[in-house]
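Here the structure comes first, spelled out in structure tokens, and everything after it is commentary.
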Amino acid sequence: MAQELASDVWHPDPHTMSEAGVSQLMRHLGLGDFDALYRFSIEKPSEYWAGVNSFCRVVWSKPYHRFMDLSDGPEFPQWFVGGELNWVDSILHRADDKMQADRPAVIAENEAGEIASVTYAELKSQVEAFASGLIRLGIRPGDRVGLLMESGIEAVVSLLAIPYIGGIVVPLFSGFEVDAVCFDKLHDRDGNEHFRDRPNRKSCFKRRRAEGTIVGNTSILGDRHLQRRRLHRLISDEFGELRVELCLQRA
């Protein structure tokens, strides 16, 4: 009876199940099924997490010496104690692998239906180039950078380049009211003076409705910033065919 009720529910075929991430992890750890994986994670958590790190190819700049510390109680765990990493390295290191360098890293379709892609090698090159430009602009580790961009390769490059140099990405959404962005997301407690570069430029990108109509979406990052005087700097520049809006605030 239960099987009949579930007949209209999608069930993965054997190939899909075999290629699922959890199935690949089980094979990586030499385990036969999910129950064995669960028991292994409970009975040998240190080995389990070491295996997960290996499977996910997490790049550590300084290896951790304990996967977890419960000295402050189970409600306050400290994970991967002693370890240090920049998560961007775990993506860009694939560009140095001859087997993966030329594989697609990002495949993006914009609102006009145009499709573009970059390989891991191309992605690393673009991230490093953009990160170099951010450094020349004076962005340094700890700076909070508000990012308002149309989804696509340029957005991915920006999202990677900012933490690549130690910056902190603050995702912005055009649906946020201006005060929510200027005060809640980017406001610094010291209330330092801020300024904006290129005050006459505003970002605008397009969205595609369900019926395929292209509509414009003007950025909330407009002249009101000059009145609010909360942003340290608003950097607006061209990156490919899209405009990058970087709201920079010092930590």
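In region 62-79, is there at least one residue being surrounded by 13 or more Cβ atoms within 10 Å (Cβ to Cβ) and closer than 22 Å to Gly167 by Cα?
No, region 62-79 contains no residue that is surrounded by 13 or more Cβ atoms within 10 Å (Cβ to Cβ) and closer than 22 Å to Gly167 by Cα.
How many of the residues making up region 95-120 are exposed (fewer than 11 other Cβ atoms within 10 Å of the Cβ) and part of a strand (DSSP E or B)? Steps first, answer last, please.
We begin by selecting, within region 95-120, every residue exposed (fewer than 11 other Cβ atoms within 10 Å of the Cβ); these are 98-99, 107, 112-115.
Still in the list and also part of a strand (DSSP E or B): 107, 115.
The total comes to 2.
Of the residues in region 78-94, how many are closer than 17 Å to Gln126 by Cα and part of a strand (DSSP E or B)?
Residues that pass the stated criteria total 0.
Can you tell me which residue in region 82-109 is modelled with the lowest pLDDT, limited to those that are under 18 Å from Ser151 (Cα atoms) and touching a Gly at 6+ places or on another chain (Cβ under 9 Å)? Break it down stepwise before answering.
So the first thing to find is which residues in region 82-109 are under 18 Å from Ser151 (Cα atoms), and the list is 104-109.
Retained after the next criterion (residues that are touching a Gly at 6+ places or on another chain (Cβ under 9 Å)): 106, 108-109.
On the way: Val106: 96, Ala108: 94, Glu109: 91.
For region 82-109, the residue satisfying everything is Glu109.
Which members of region 20-40 meet the condition of being loosely packed, with under 11 Cβ neighbours inside 10 Å and either within 27 Å of the chain's Cα centre (by Cα) or in a loop (DSSP other than H, G, I, E, B) (or both)?
Within region 20-40, the subset loosely packed, with under 11 Cβ neighbours inside 10 Å is 21-22, 30, 32-33, 35.
If the condition is that a residue be loosely packed, with under 11 Cβ neighbours inside 10 Å and either within 27 Å of the chain's Cα centre (by Cα) or in a loop (DSSP other than H, G, I, E, B) (or both), then Gly21, Val22, Gly30, Gly32, Asp33 are the ones that fit.
Listed here are the residues, each with its yes/no results for (1) at pLDDT below 85; (2) closer than 20 Å to Pro171 by Cα; (3) touching a Ser or Thr at 6+ places or on another chain (Cβ under 8 Å).
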residue: Glu114; (1), (2), (3): no, no, no
residue: Tyr120; (1), (2), (3): no, no, no
residue: Ser125; (1), (2), (3): no, no, no
residue: Ala131; (1), (2), (3): no, yes, no
residue: Leu134; (1), (2), (3): no, yes, no
residue: Asp143; (1), (2), (3): no, yes, no
residue: Gly146; (1), (2), (3): yes, yes, no
residue: Glu154; (1), (2), (3): no, yes, no
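Could you tell me which numbered condition Arg57 fails, if it satisfies all but one of (1) at negative phi; (2) surrounded by fewer than 13 Cβ atoms within 10 Å (Cβ to Cβ)?
(1)
The values are calculated or read from the model by the stated rules, or taken from the named source; none is laboratory data. This structure is a prediction, so every number in the text was calculated from the model and none was measured. Backbone-built Cβ (ideal geometry, glycine too); neighbour counts: all protein chains shown.
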